[in-house]
Amino acid sequence: MAFDGLVIAALTHELNEALAGGRINKIYQPEADELILTVKNNRTNYRLLISASASLPLIYLTGETKSNPMTAPNFCMLLRKHLSGGKILRIVQPDMERIIRFEIEHLDEMGDTCMKYLIAELMGKHSNIIFTQPDGTIIDSIKHISLNVSSVREVLPGRTYFIPKTVEKKDPKSVDRDTFFSFVLNRPAPVSKAIYTSLTGISPIAATEICYRSHIDGDHSTDTLTLEEKEQLFNGFEAFMDLIRQCRFDPAIIYRDGEPVEFSCLPLTCYGDLKTQFFDSMSALLETYYSQKNTITRIRQKSSDLRRIVNTSLERSQKKYQLQQKQMADTKKMDKYKVYGELINTYGYNLEPQSKSLTCENYYTNETITIPLDPQLTAHENSVRYFEKYNKLKRTSEALNTLLVETKEEIDHLESIRTALDIALYEEDLAQIKEELTEYGYIRRHGPAKGAKRPSKSRPFHYISSAGYDIYVGKNNFQNEELTFKVATGNDWWFHAKGIPGSHVIVKSNNEELPDETFEEAARLAAYYSSGRGADKVEIDYIQKKHVKKVSGAKPGFVIYHTNYSMIAAPNIDGIRDASANS
């Protein structure tokens, strides 16, 4: 996630093309640290979002609307007073910093033309939106920073605005060969770190990409580079920066297993084995990236209660299973007690009264054994006592055989629900999981709240193989059951990760012979949508659906099958076309 100076450079170029020459129509402050400006330019209305959030500073053009407070905050009122109707002359990024400055021309109260700057600083927890005079005098800011908060710079009305330089860095757009060699490569550090700690606006991922494009290992120390390698690195750096200078941006998001992991204003070739999605603008990229990240974060937060219920129940069942296994191990003594009783009946006729043991030959093994006795009991009574122990342990063993199966089925069921929670992407997916937990008694059922909306039904994932065959993936046990026994027909192919919780994957064969790549793609999907997702390889069972059987009374999604095929697949679904949105 590199919201660095390079991304700001791309945004500055994009905003100049869209907004320079436009007039500010409306100004809103929907959040304490967020502004939305509506700008009209070339007969088009643009909505610009600027967020100085400490956790997620952002700036991009958006189509999204937000509700606003009934009474506008003071900073918003101040901007409206000065900037409403103002003309954006140009948008500037100073020295590759994570700063965008809007230079705005407007009329003052006397009707004279004036200039003001609106400065967006996108620097993590130090982010701010500052309104200044052209000479740098601060008029106001969305966050007031006193010396009690920062010893580096005050951001208060009347103070002089400046960009704090806490670390000496160079502007990468103006670095020549000699400076690169003497200032960057003279640092005793790994090559990539030397680049991003020496040059403004270069993030660690951008430095890694520069090294990768230059065919230099970024983890190697600068001290180990030969002169030829230094030249090679500088040439790669120059080629990279030329793209920035010439504004040849190509915004892209990198996905790993369907989840966005990184973005940049230029393709990140160091992630060559992962899926890359390109965008026409940085604004479209940022809106998509953070929307998808927020969706994933939100669904994980919403699933936390369900996950806690599942984990608590699973932990309880696992402890119960361990106790039952221990009790079952104790029942292994029952055969010994049966033999003791029989031997006492055979040899106990000549025992002395109050004997504490009986030594005799065990006619089952032809070995001499010693049997402990209760001296207060007769031989017959000792025999009866051992037979009672035997019968008690036998009854316990028979009961435990059933209980162990039931508890193991409960553990498997809960683990399958936990895997479904990992797969869930939307609230309707969670609704089905909650319904399953309620149906099996893990959640107490309550009537729906009055006027509550019925959640929309969750649908299985739908993919299309490279050969054009439909592949369906269940998100939970209810969907697995429906896919296997209602959607699939006899000659369709069924896939599942071997011996671990996971989705049922159905390939609609259309009664045709499937090509090898379709089998491989379905197996990859089965591996990915299983609890083995984090492994390098997963063993997958596959078989025609007509050989998959439902066990009477089994939990939903639990099946049996025989004479299946198996293959090893990587849990990687990159390159498989997702058609879920059109299903």
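Please treat every number below as a calculation from the coordinates, not as lab data. Model, not experiment: these values are computed from the prediction. No Cβ is skipped: glycine too gets one built from the backbone with ideal geometry, and neighbour counts run over all protein chains shown.
Miscellaneous remarks
- Cβ charges +1 (Lys, Arg) and -1 (Asp, Glu), total dipole of the chain, debye: 2180 debye
- Excluding same-chain neighbours fewer than eight residues apart, the lysines reachable from Lys338 by a Cα-Cα span under 27 Å are Lys326, Lys356, Lys389, Lys392, Lys394.
- Listed by chain and number, the lysines whose C-alpha is less than 23 Å from the C-alpha of Lys230, apart from same-chain residues fewer than 8 away, are Lys169, Lys170, Lys173, Lys193.
- Rg over Rh [alpha-carbon atoms, Kirkwood Rh] for the range 461-582: 0.93
- The range 5-141 shape via C-alpha gyration tensor axes, a/c threshold 1.5: rounded
- The average projected area of the range 385-424, computed from the convex hull of its Cα atoms over all directions, is 2.7 nm².
- Computed helical MRE - 222 nm, the chain, DSSP H runs ≥ 4 contributing -39500 (n - 2.57), nearest 500: -11500 deg cm²/dmol
- Modelled spin-label separation between Gln246 and Asn564, with each label point placed 7 Å from Cα along the Cα-to-Cβ direction: 5.4 nm.
- Radius, Kirkwood style, for the range 57-121 when every pair of distinct Cα atoms is counted (Å): 13.8 Å
- Among the lysines of the range 5-141, pairs at least eight places apart or on separate chains and with Cα atoms under 13 Å apart come to 6.
- When the convex hull of its Cα atoms is projected in every direction, mean area for the range 351-428 (nm²): 9.4 nm²
- Expressed in units of 2.2 N^0.38 Å, where N is the residue count, the Cα radius of gyration of the range 257-307 is 1.37.
- Cα gyration tensor category, rounded, prolate or oblate, for the range 330-380 with a/c compared to 1.5: oblate
- Value of Rg/Rh across the range 141-268 [Cα atoms, Kirkwood radius]: 1.07
- Cα point-scatterer Debye curve for the chain, base-10 log of I(q)/I(0) at q = 0.06 Å⁻¹: -0.53
- Between the beta carbons of Asp578 and Lys320, assuming R0 = 30 Å, the FRET efficiency works out to 0.15 to the nearest 0.05.
- Annotation for Gln232 and Glu513: the two label points, set 7 Å from Cα along the Cα-Cβ direction, are 4.9 nm apart.
- The Kirkwood hydrodynamic radius of the range 533-576, based on inverse pair distances between different Cα atoms, is 12.6 Å.
- Here's the list of lysines a cross-link from Lys508 could span, going by alpha-carbon distance under 19 Å and ignoring same-chain residues fewer than 8 apart: Lys475, Lys486, Lys545, Lys546, Lys549.
- Under-5 Å amide H pairs with Arg159, H placed in peptide plane, nonlocal only: Ile138
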